[in-house]
Each structure stands twice: as C-alpha cells, then as structure tokens.
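Here the structure is laid out as structure tokens; the discussion comes afterwards.
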Amino acid sequence: MSQAVHNVIIIGSGPAGYTAGLYSARAMMEPMMFAGYMSGGQLMLTSDIENFPGYPQGIGGPEMMIDLRSQAERFGLKVVDKNVERVDFSSRPFGIWVEGEEFRAETVIICTGAEAIWLGAEGEQEQKGRGISTCATCDGAFFKGDEVIVVGGGDSAMEEATFLTRFASKVTIIHRRDVFRASKVMLERAKNHPKIEIRAHRQVKEWLSDDKGLTGAVLEDPRDGSLEEIECTGAFIAIGHRPITEFLGGQVDTDEEGYIIHSEHTMTSIPGIFAAGDVVDTRYRQAITAAGMGCQAAIDAERWLESQH
Ligand code: NAP
C-alpha cells in the first residue's frame, strides 16, 4: 500500500476530471489523478470544439485537453497516466488499486466518462480496424478519395460525417429514422454539404467484405424489411456511448445503463464518493457541462471532507 492517505483521488481525465483537479488543487487538497493509459478522454478523439465558451475560433480537442491538464498541474495536481483496476469503497479511507498497488483516499471523484457503442451487425467484429471504426478523427485519413458511410442521427454522426468530407469523396449518413437527435446547426451543416448524402429509415443489417477489407453493407428499411446494398470501403459508427463504470464492481448505485446516480449534489450513493461528467450525465454530455460538474464535485468533496473533521 502507498503510505499516504490522499485527501482526494480523481479517476479519469476528461474535462470533468481536469476541472475537478484544478479546483481541488487550488483548494489545497493536494489531489492525485489516475488519468488512464489514454488520458484526456473522448475529446482526444474530437477534431474541433466550437461550442466551448472562450474560444471564438474553436479549438482542437487534444489541444484543449493539454491546456486543461497543464492548468491543473500548475496548481499542483499530480497526474498518473494509468488505469484504475478495482476499488474498495466499503470503508474509509477508500481503496483504489492501480497495477496491483493500493492507494487510499478520504474522498474520490469519479470522472471516467463514456466509450463508443458498436452496432453489432453481422460481420462487424471481423472488420473492426479493417474499415469499420468509431472514430473519424483517428481513422478518417485512411479513406482519402473513398466512399464511406456514417451510422447514426445525433451530433456525433453529423460531426463525424462533416469531418470525413476532408478525405472521402462521398459520405453517406445512415439513420434508422427520419427524425434526428442532432442539433439543428450540425444537421443543417451536414445536409447542405455537397459531399454528404443522408439516407433515413435505413439500418445496417450486415457488413460486406473481401480479403482486402470492407466493401459495403446490406441496409434494411425497418418499416417494411426491404433490403438494399451500399458500397463503401470505410464505415464509422456514431450511435452513442456507454458509461465506463465496470471497474466499480457495482459498489456505487447506477441506473440500468450503468450511469452513476447522484444522491445529493454530486455525491454518489456512498458518502465521500463523488462523480462528474459523462459517467453520470444522460442529458447534456457537453465538454462545458462536464467541466462545470467537475468543478461542483471538487467543491462538494472539499466541503464534505471539511464537515467530517
Ligand atoms: P445521441 O445523441 O444519443 O445519438 C445517437 C444516435 O444513434 C441516434 O440518432 C440514435 O437513433 C442512433 N442509434 C442508437 N442506437 C442505434 C442502433 N442500435 N442502430 C442504429 N442507430 C442507433 O449520441 P451522440 O450523437 O453520440 O451524442 C451524444 C451527446 O454528445 C449529445 O448530447 C450531443 O449533443 C453531444 N455531442 C455534441 C457535439 C458537439 O456539440 N460538437 C458533438 C458530438 C456529440 P434514434 O434517434 O433513432 O434513437
């Protein structure tokens, strides 16, 4: 066991985690963060953030995360780029295990965010990384001059499709309904782009491939079950995310999808354990709301700890 009992350990390093780190560092809590092997969270996979106040020209996702991290580190946040394997929240100080080493903390702030959901259509498993991806920012450049499809009808799908027009000759958005969850501005941008076509009432039933990789997909119209084929060498699935809470082993109350439930302010079902950002948020899921909640969690943790002494 690591000797010291920390005032606060933050798990996860998106905008929620770094903001919690910044606030708790400035409150002299001497916070420690386990940022994960892939620190920075989902925004590391985002091209341009245009809706975070304070950046009139927009900012790249990775750039913003580097800035958030260095701002928090400037005030003393200690960041370790490792994953938390398991936790024991049955007594205080709480236990956290990282690469077999045990750490103890009086309070914990969980900011582990969410990860992309795969579609699960026939042939998907075999084509993952061979043409099918959940991240246009990571893999889009592999498809220069190609025809690609994007599955989904939310902001992620619109964003991925618009980004992919930089590389692909054509981008087809496949959506299972004709009503879109995407915000008006992002939907209109995609609709008006000359390289983007939107196909509503279509669901991917099967992925088609040859020995070189993806060649297309079989699409089904959910209204009458009719089938058609579409050719593509790349496909990007943008149908939402699931919260990263498995490592908690069910010790904190969640809803049926795994999102952590707040019992009071940002506190979870266990006094002293707080949560912020996409790991609790089924409604807003924005960088700015995650950052705001990270700030709230740091203040809540500080006040709670003070009330215990
Ligand atoms: P989302 O808004 O939940 O949209 C998911 C989309 O995937 C929906 O159109 C849904 O269809 C579809 N879908 C879900 N399961 C499916 C399945 N099994 N087969 C086919 N389609 C399926 O998720 P998101 O687009 O990832 O956005 C999540 C949050 O992040 C939102 O709050 C969004 O505003 C935010 N976000 C913001 C930005 C930005 O502002 N720059 C960028 C990306 C995301 P149905 O509508 O039929 O359910």
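Coordinate-derived values only; no laboratory data. Only a predicted model underlies this, so the values are computations on that prediction, with no experimental measurement involved. Every residue, glycine among them, receives a Cβ derived from its backbone with ideal geometry; neighbour counts consider all protein chains shown.
Summary of values
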quantity	calculated
HN-Hα J in Hz across region 261-268 - Karplus 6.51, -1.76, 1.60, θ = phi - 60°, x for Gly and Pro	9, 7, 9, 8, 6, 9, 7, 8
Computed lengthening from Lys191 to Glu63, 0.36 nm per intervening residue step minus Cα-Cα distance	43.2 nm
Cut-off under 5 Å, modelled amide H: who pairs with Asn7 long-range	Glu106
Average Cα contact separation per residue, the chain, under 8 Å, 6 or more apart, as relative contact order %	21
5 angstrom amide H check on Ala235, placed H, neighbours 5+ away	Ile132, Ser133, Ile149
The chain - charge dipole about Cα centre, Lys and Arg +1 at Cβ, Asp and Glu -1, debye rounded to 20	720
Whole-Hz couplings from phi, Karplus 6.51/-1.76/1.60, listed for region 4-21; x for Gly and Pro	6, 9, 7, 5, 8, 10, 9, 10, x, 9, x, x, 5, x, 5, 5, 4, x
CD proxy at 222 nm, helix term only [per DSSP H run n ≥ 4: -39500 (n - 2.57); per residue of the chain; nearest 500]	-7000 deg cm²/dmol
Environment charge of Thr162, counting only residues whose C-beta is closer than 10 Å and scoring Lys/Arg +1, Asp/Glu -1	0
Within-9-Å neighbourhood charge of Gly272 [Cβ basis; K, R +1; D, E -1]	0
Stretch gain in nm, segment Arg199-Glu73, where the contour uses 0.36 nm per residue and the Cα spacing is subtracted	40.7 nm
Region 1-88: chymotrypsin sites (Phe, Trp or Tyr not before Pro) in DSSP loop, at most 16 other beta carbons within 10 Å	Tyr37, Phe75
Per-bin percent of Cα-Cα distances, the chain [20 Å]	32, 50, 18, 0
Sequence of Met267, Met293, Met38 once ranked by neighbouring C-beta atoms within 10 Å, starting from the fewest	Met38, Met267, Met293
Furthest towards positive pole of dipole, Met64, Ser169, Gln127, structure part the chain, Cβ charges	Met64
Ranked Ser133, Ser169, criterion: other C-beta atoms within 10 Å, fewest first	Ser169, Ser133
Span from the region 194-270 Cα centroid across to the region 96-173 one, whole angstrom	10
For Cys135, Cys232, order by how many other beta-carbon atoms lie within 10 Å, fewest first	Cys135, Cys232
Prolate/oblate/rounded label for region 1-67 (Cα gyration tensor, a/c 1.5)	oblate
In Hz, Karplus ³J(HN,Hα) per residue of region 132-141 (6.51, -1.76, 1.60; θ = phi - 60°; x = Gly, Pro)	10, 9, 10, 9, 5, 4, 6, 10, x, 5
